[in-house]
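Notes for the one structure printed next.
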Amino acid sequence: VDVITGIVELSGISKEDGTIVLHKGEKGKIEKSTGKAVKIEKSEQNQLFWATRTLIFKDTELYIAAATIANSYDVEIEIHNTKIKNCKLDAVFSDATIDEILEVLRITFDLRIEKTNNHYKLDGSHCK
């Protein structure tokens, strides 16, 4: 279940499996093995970018965020220095351009960004 607007109550297969409440932007499913309703992590919610135009990152490593951004905007993003690949990102981008997102990353992590066509190279010395 992908909640685009409003609130959804998701119930497990039986009464004993309980229910969960999902709000706008959240996602849930019924576990096949247990029959219980469970909330899906926000990082997986970015799969709905095509519909929501929103990317959500909570305590997400930079290399994972970069891959998600690259896939969402059909660009290539390379992390040049491995010392920054595990920097943690907490951000929500709604209706943002690729340039706006990369500017936030540049400021947040004190990065240098080189752009060649649809290829972006991120470089920095350490996590802030």
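The values are calculated or read from the model by the stated rules, or taken from the named source; none is laboratory data. Because the structure is predicted, anything quoted here is derived from the model rather than measured. Backbone-built Cβ (ideal geometry, glycine too); neighbour counts: all protein chains shown. Ligands, DNA and RNA are excluded from the accessible area calculation, which covers all protein heavy atoms including side chains. Shrake-Rupley method; radii C 1.70, N 1.55, O 1.52, S 1.80 Å.
Below is a table of values for the structure above.
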{"read-out": "In the stretch 19-52, residue farthest from the chain's Cα centre (by Cα) [restricted to those that are part of a loop (DSSP other than H, G, I, E, B) and at pLDDT below 80]", "value": "Lys24"}
{"read-out": "Residue ID - most open to solvent (accessible area, probe 1.4 Å), chosen from residues in the stretch 109-123 that are in contact with a Lys or Arg (Cβ under 7 Å, 6 or more places away or on another chain) and not hydrophobic (A, V, I, L, M, F, W, C)", "value": "Glu114"}
{"read-out": "Residue in the stretch 71-86 that is free of Cβ contacts under 8 Å to residues at least 40 places away in the same chain, touching a strand residue (DSSP E or B) at 6+ places or on another chain (Cβ under 8 Å) and either closer than 30 Å to Glu9 by Cβ or aliphatic (A, V, I, L, M) (or both) present", "value": "yes"}
{"read-out": "Matching entry among Lys58, Lys32 (being in contact with a helix residue (DSSP H, G or I) (Cβ under 6 Å, 6 or more places away or on another chain), open to solvent by 70 Å² or more (accessible area, probe 1.4 Å) and either under 30 Å from Glu9 (Cβ atoms) or not acidic (Asp, Glu) (or both))", "value": "Lys58"}
